Amino acid sequence: MATKKARTLRDLARMKRALAPGHRACAGCPFPVILKILMSATDDPLVIANATGCMEVTSTIFPYTAWPVPWIHNAFENAAATISGVESAYKALKRRGKIKTEKEIKFIAIGGDGGTYDIGLQSLSGAIERGHDFLYILYNNEGYMNTGIQRSSATPMYASTTTSPAGKVIPGKLQWRKEITDIMIAHQAKYVAQASPSHWVDFMKKVQKALETKGPTFINVISPCQPGWNYPPDMSIELARLAVESKYWILYEYRSDANNGLGGYKINYRPRKEVSIVEFLKPQRRYRHILDRPELIKDIEDHIRRNWERLERLEKELPLEE
Amino acid sequence: MAKRKTTRVALTGNEAMALAMKQINPDVVAAYPITPATEIVQLFSKYVADGEVDTEFVPVESEHSAMSACVGAAAAGARVMTGTASQGLALMHEILYIASALRLPITMCVVNRALSAPINIHCDHSDTMGSRDAGWIQIYTENVQEAYASVIVAVKSAEKANLPALVTTDGFVLSHGMEAVEIFDDEDVREFLGERKPLYNLLDIDNPITIGPLDLQDYFFEHKRAQIEAVFESKKHIYDAHREFEEFFGVKLPVFVEPYRLDDAEYAIVVMGSSAGTGKDAVDVMRDERGIKVGLLRMRIFRPFPFEEIQKYLSKVKYLAVMDRADSLNTMGGPLATEIARALYHLSERPIIHNFVYGLGGRDVPLENFYEVIEKMQWIAAGNTPERMVDYVGVRE
């Protein structure tokens, strides 16, 4: 694979493959940044299948498209099944000598959390189990933001959405989000990772590792949503950083073939100093109803601590050596 | 008409469809098992396992994913096939519309089976009738021989029209019924179909295209209109594909409709699928033994709707019994009757139409059903007016 080297933001800015200007993503939306990092990670030809959602809607309104690579949108819940068809066609046509390019094409499916955790979970599960050679990118903004901020199973505890509103009795969503990264690890996807656009070098390396890996791979990228999380639009990358620094969003990776097939975990970033979760919660109006409820904040802190500790134990027991 | 070599073998409908798929050797097959179509997928996966085809077989986790993968593969330029029935087709429903609107000539073998509830595994046409507005070419076959040939000609029709096509057999009646079938040589089938020449190709990396963009008020209608026009034009493509089939193999195949003893008919029956065989026998009995001037029109292709052929063969009959193996639950009976009425309504000469729903959930369709239908039409001819637009035959009321 032809990987590209970018060490500074200036390097990244010079990389050509990105969404074209004029796309209609919200001010401050980080997914154009996520896509720039994704598409800059390699020179290999890419073919992308995109689930219905913000990204699809804002990047392709006919007669315009912001995509520099072959791209298909089929429906909401089937990006993984769609790319599995594309990848199968590639294999068959290559075998029959009908593919024009000598270069190896890489296949990527992209979905939001609604299209991945919820309605598209079966399609993703099937495609991973069948072992198709593709990378699934989940841009995770923790809710159905395209339809106007409804809860998904990625929405975190106590976040207020339009279908889990903070009311006089109920303080927002009452369930923890399910850990889809664990679910993908349980599928024995070859390479699984969590990433953040704030730590873009880490994210780019993960994309490169995923694309170098034969078989199904998965990266869960946090994608703060300005209207959905309700914060000033210049804070998206900062919030992604605070999510990582507060250990709310753990940057880690997993390889199923490590440790003789037992699998291996690696936490890629350990915050040097403790950052209170309140720093992450406070700028987001979806949490404003709990800022004066220390017992609810403690719930979140405990949950974060449990997740971190669990992952540290896994890493200790099954370390992933580079 | 150069006759190609054929070999006579005993096959069930499912075996015949699977064999046609083997001979076609598509680039990609994505499928999921469902009674009574399971065998098609099963047999095909054995062909793959034995290296008799080099198709990329994608054993998906649902029919929704089957059709989704077919769309992805067809958009990547592949020749793509699948098979399903009933609930499976219903689960594909959302993606059927996307396949046709993206102009992807996917070919699907469907074994007709009643939709739940109550759950049932036997034949009626409620499954494919539920997909009638999805923009697919729909071919209903009368027997196993025709099912076999129809799968091959459907691929040709679909690729000429750049529209997806489905070919049906009646569940169990044909899918599991064994017949002597004349089959072609693999090489001849492959030569006849040649290579698919896609309209566009997702894998053409030097010419990146965006497939399936958001299309709002300012363009959607034009694009939908273009798709509608493609359906208008598909009729010609379907005729051409059948003519080429006939010329290549030297075998005749009815195209949209098949008239039977209609020339001087006062009464006519319209029916689709395997019951047409029984219907033709009933016509013989009623004509030859009872002296009733009755004929039959079998509809083979339901989409695009053959209104011209309907007008040609049926406008001159006096009493028309339309037999639907599905009910629209609209108090007017089945979709076939509604659409035939529309095809004839504006003509100055047109028959009196009455609808009969029959054979739901695999209820046996004996000759008596057809006698009953014609007796009812004679009762109408005698000046009586039926209480409803539809009667139900072969059911305990």
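Would you check if there is a residue in region B:189-207 being away from chain A (no Cβ under 14 Å) and free of Cβ contacts under 8 Å to residues at least 60 places away in the same chain? Among the residues of region B:189-207, at least one is away from chain A (no Cβ under 14 Å) and free of Cβ contacts under 8 Å to residues at least 60 places away in the same chain, which makes the answer yes. Of all the residues in region A:86-113, those that are in contact (Cβ under 8 Å) with a residue 24 or more places away in the chain, more than 14 Å from A:A49 (Cα to Cα) and in contact with a Pro (Cβ under 9 Å, 6 or more places away or on another chain) number 3.
As a summary of the residue check, B:L202 satisfies the conditions (1) among the aliphatic types (A, V, I, L, M); (2) surrounded by 13 or more Cβ atoms within 10 Å (Cβ to Cβ); (3) in a helix (DSSP H, G or I) except for the one numbered (3). Determine, yes or no, whether B:S86 is away from chain A (no Cβ under 11 Å) and more than 20 Å from B:I40 (Cα to Cα). When the stated conditions are applied, B:S86 does not pass them.
As an exercise: evaluate A:R95 against (1) of a type in the set (K, R); (2) under 23 Å from A:M204 (Cβ atoms); (3) facing chain B (nearest Cβ under 7 Å) and give the number of the one condition it does not meet. Of everything listed in (1) of a type in the set (K, R); (2) under 23 Å from A:M204 (Cβ atoms); (3) facing chain B (nearest Cβ under 7 Å), A:R95 misses just condition (2).
If you check B:I211 against the conditions, is it within 8 Å of chain A (Cβ to nearest Cβ), out of contact with any Asp or Glu (no Cβ under 9 Å at 6 or more places or on another chain), of a type in the set (A, V, I, L, M, F, W, C) and surrounded by 17 or more Cβ atoms within 10 Å (Cβ to Cβ)?
Working: within 8 Å of chain A (Cβ to nearest Cβ): yes; out of contact with any Asp or Glu (no Cβ under 9 Å at 6 or more places or on another chain): yes; of a type in the set (A, V, I, L, M, F, W, C): yes; surrounded by 17 or more Cβ atoms within 10 Å (Cβ to Cβ): yes.
Here the answer is yes, as B:I211 does meet what is asked.
Within this structure, A:I83 passes the test of being closer than 22 Å to A:A195 by Cβ, within 7 Å of chain B (Cβ to nearest Cβ) and either assigned to a loop (DSSP other than H, G, I, E, B) or touching a residue at least 12 places away in the same chain (Cβ under 8 Å) (or both).
Among A:G148, A:G115, which is the only one that is outside any loop (DSSP other than H, G, I, E, B) and small (G, A, S)? Residue meeting the stated conditions: A:G115. Residues in region A:56-80 that are more than 7 Å from every other protein chain (Cβ to nearest Cβ) and either on the phi > 0 side of the Ramachandran plot or of a type in the set (A, V, I, L, M) (or both): A:A66, A:A79, A:A80.
With the structure loaded, tell me whether B:R243 is more than 14 Å from chain A (Cβ to nearest Cβ), in contact with a helix residue (DSSP H, G or I) (Cβ under 9 Å, 6 or more places away or on another chain) and over 30 Å from A:E104 (Cβ atoms) or whether it fails that test. Can you show your working first?
Details: more than 14 Å from chain A (Cβ to nearest Cβ): yes; in contact with a helix residue (DSSP H, G or I) (Cβ under 9 Å, 6 or more places away or on another chain): no; over 30 Å from A:E104 (Cβ atoms): yes.
Criteria not met by B:R243.
Filter region A:118-145 for residues that are of a type in the set (A, V, I, L, M) and assigned to a strand (DSSP E or B); which is surrounded by the most Cβ atoms within 10 Å (Cβ to Cβ)? Before the answer, list the steps.
Of region A:118-145, the ones of a type in the set (A, V, I, L, M) are A:119, A:121, A:124, A:127-128, A:135, A:137-138, A:145.
The next check asks that each one be assigned to a strand (DSSP E or B); those that pass are A:135, A:137-138.
Details: A:L135: 26, A:I137: 26, A:L138: 28.
Only one residue tops the list, namely A:L138.
Checked against the criteria, B:E309 does not count as of a type in the set (D, E) and over 28 Å from B:L174 (Cα atoms).
A quick yes/no check of all residues on (1) farther than 27 Å from A:P32 by Cβ; (2) at pLDDT 95 or above; (3) more than 15 Å from the chain's Cα centre (by Cα):
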site	(1), (2), (3)
A:Q226	no, yes, yes
A:N230	no, yes, yes
A:D234	no, yes, yes
A:Y248	no, yes, no
A:E253	no, yes, no
A:I267	yes, yes, yes
A:S276	yes, yes, yes
A:F280	no, yes, yes
A:P283	no, yes, yes
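Here is a yes/no grid of residues against (1) loosely packed, with under 13 Cβ neighbours inside 10 Å; (2) in a loop (DSSP other than H, G, I, E, B); (3) touching a residue at least 24 places away in the same chain (Cβ under 8 Å):
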| site | (1), (2), (3) |
| --- | --- |
| B:R225 | yes, no, no |
| B:I228 | yes, no, no |
| B:E233 | no, no, yes |
| B:E258 | no, no, yes |
| B:A265 | no, yes, yes |
| B:A268 | no, no, yes |
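Residues of region B:37-58 that are under 16 Å from B:V151 (Cβ atoms) and more than 9 Å from chain A (Cβ to nearest Cβ): B:A37, B:E39, B:I40, B:V41, B:L43, B:F44, B:Y47, B:V53.
Got at least one residue in region B:323-334 being at pLDDT 95 or above, assigned by TED's automatic domain parsing to the domain that holds B:I301 and farther than 29 Å from B:S116 by Cα? Spell out how you get there, then give the answer.
Our first condition is that a residue be at pLDDT 95 or above; within region B:323-334, this holds for B:323-334.
With assigned by TED's automatic domain parsing to the domain that holds B:I301 added as a condition, the list becomes B:323-334.
Cutting the leftovers down to farther than 29 Å from B:S116 by Cα gives us none.
Taking every residue of region B:323-334 in turn, none turns out to be at pLDDT 95 or above, assigned by TED's automatic domain parsing to the domain that holds B:I301 and farther than 29 Å from B:S116 by Cα.
Residue check: is A:T52 of a type in the set (S, T, N, Q), in contact (Cβ under 8 Å) with a residue 12 or more places away in the chain, under 23 Å from A:K209 (Cα atoms) and more than 7 Å from chain B (Cβ to nearest Cβ)? Can you show your working first?
Values: of a type in the set (S, T, N, Q): yes; in contact (Cβ under 8 Å) with a residue 12 or more places away in the chain: yes; under 23 Å from A:K209 (Cα atoms): no; more than 7 Å from chain B (Cβ to nearest Cβ): yes.
Criteria not met by A:T52.
The residue that is nearest to the chain's Cα centre (by Cα), among those in region A:120-151 that are among the polar types (S, T, N, Q) and closer than 20 Å to A:I250 by Cα, is A:N140.
Here A:I219 clears all of (1) part of a helix (DSSP H, G or I); (2) buried (at least 24 other Cβ atoms within 10 Å of the Cβ) except the condition numbered (1).
B:I301 meets each of the listed conditions (1) surrounded by 15 or more Cβ atoms within 10 Å (Cβ to Cβ); (2) more than 16 Å from the chain's Cα centre (by Cα) apart from (2).
Does B:N120 meet the test of being surrounded by fewer than 24 Cβ atoms within 10 Å (Cβ to Cβ), within 25 Å of B:D240 (Cβ to Cβ) and modelled with pLDDT of 95 or more? Here the answer is no, as B:N120 does not meet what is asked. Restricting A:K206, A:K247 to residues that are part of a helix (DSSP H, G or I), surrounded by 19 or more Cβ atoms within 10 Å (Cβ to Cβ) and among the charged types (D, E, K, R) narrows the list to A:K206. Before we move on, is A:P45 within 10 Å of chain B (Cβ to nearest Cβ) and surrounded by fewer than 24 Cβ atoms within 10 Å (Cβ to Cβ)? Considered against the rule, which asks whether it is within 10 Å of chain B (Cβ to nearest Cβ) and surrounded by fewer than 24 Cβ atoms within 10 Å (Cβ to Cβ), A:P45 comes out as yes.
Scanning region A:98-119 for residues that are at the interface with chain B (Cβ under 10 Å from one of its Cβ atoms) and more than 14 Å from the chain's Cα centre (by Cα) returns A:K98, A:I99, A:K100, A:T101, A:K103, A:I105, A:F107. Of the residues B:K293, B:K280, the single one that is farther than 24 Å from B:T168 by Cβ, outside the structural domain of B:A154 (by TED's automatic domain parsing) and basic (K, R) is B:K293.
The values are calculated or read from the model by the stated rules, or taken from the named source; none is laboratory data. Here the structure is a predicted model, which means the values were calculated and not measured. Note: ideal-geometry Cβ built from the backbone for every residue, glycine included; neighbour counts use all protein chains shown.
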